[in-house]
1. Could you list all residues from the range 72-82 that are surrounded by 12 or more Cβ atoms within 10 Å (Cβ to Cβ) and outside any loop (DSSP other than H, G, I, E, B)?
2. Return the residues of the range 1-15 that are buried (at least 18 other Cβ atoms within 10 Å of the Cβ) and at pLDDT 85 or above; say none if nothing qualifies.
3. Return the only residue of 69, 45, 40, 86 being under 29 Å from residue 120 (Cβ atoms) and open to solvent by 30 Å² or more (accessible area, probe 1.4 Å).
4. Taking only pairs six or more apart or across chains, which ones have beta-carbon atoms under 9 Å, a first residue in the range 125-137 that is closer than 11 Å to residue 14 by Cβ and open to solvent by 60 Å² or more (accessible area, probe 1.4 Å), and a second residue that is among the hydrophobic types (A, V, I, L, M, F, W, C) and modelled with pLDDT of 90 or more?
5. Report yes if residue 95 is open to solvent by less than 70 Å² (accessible area, probe 1.4 Å) and part of a loop (DSSP other than H, G, I, E, B), otherwise no.
Amino acid sequence: MSAAAASGRRGIVVTMAVVAVQTGVLGALSAATGSASLFAEAMHALADLGVQAFLLVGVVRAGRPPDDAHPLGYGQEAFYWSLFAAIGIFVGGGGAALREGVTAWGSGEAGQSYLLGYVVLAVIALMDAYTTFEAVRALRAQGAARGRSAGSSSPRPATRPCGRCSSTTSPASSAR
């Protein structure tokens, strides 16, 4: 396995671990407080855990070497599993949040203490920032392994023909 593939797999595993902790904490707090929003967030985190599982399956299966049945390899399989991940996040998380929102709206219960909810959401935001940092680090490692930066897909020449004459222009002057 290449270093780039290992960093991508590591990023998914780190995200899965963080999301599993978030799911447990949100589930416990929603049970303790009876908060519909915390329950919806817990269900969304559970759906996100399933998404990460699909992405991990895609990365593992796409990394297999070519064989007689697939002479070009299995790289395209990552897109197939990413599709399931996208469907899972919308159906699983969105459906649970919608159901819980409608239920809470119809009950007419007033909220009690929002401080605990705000603290939990702040901690979860920090945890999500960490997983984003890990994902960017994995992206940069994959780009470096391919000789590219995370900011561009191909090297850009310093000058290029403008098309109207034989002179050349810089990218900055032709963007106006």
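The values are calculated or read from the model by the stated rules, or taken from the named source; none is laboratory data. Owing to the predicted nature of the structure, the values given are computational and were not obtained by experimental measurement. When we count neighbours, we look across all protein chains shown, and the Cβ atoms used for this are built from the backbone with ideal geometry, even at glycine. Please note that ligands, DNA and RNA were not included when accessible areas were found on the heavy atoms of the full protein model with its side chains. Shrake-Rupley method; radii C 1.70, N 1.55, O 1.52, S 1.80 Å.
1. Our first condition is that a residue be surrounded by 12 or more Cβ atoms within 10 Å (Cβ to Cβ); within the range 72-82, this holds for 73-75, 77-78, 80-82.
If the condition is that a residue be surrounded by 12 or more Cβ atoms within 10 Å (Cβ to Cβ) and outside any loop (DSSP other than H, G, I, E, B), then 77, 78, 80, 81, 82 are the ones that fit.
2. 12, 14, 15 - these are the residues of the range 1-15 that are buried (at least 18 other Cβ atoms within 10 Å of the Cβ) and at pLDDT 85 or above.
3. On the way: 69 fails: under 29 Å from residue 120 (Cβ atoms); 45 fails: open to solvent by 30 Å² or more (accessible area, probe 1.4 Å); 40 fails: open to solvent by 30 Å² or more (accessible area, probe 1.4 Å).
After ruling out the rest, the residue left standing is 86.
4. Between residues of the range 125-137 that are closer than 11 Å to residue 14 by Cβ and open to solvent by 60 Å² or more (accessible area, probe 1.4 Å) and residues that are among the hydrophobic types (A, V, I, L, M, F, W, C) and modelled with pLDDT of 90 or more, the close pairs are 130/18.
5. Numbers: open to solvent by less than 70 Å² (accessible area, probe 1.4 Å): yes; part of a loop (DSSP other than H, G, I, E, B): no.
In short, no.
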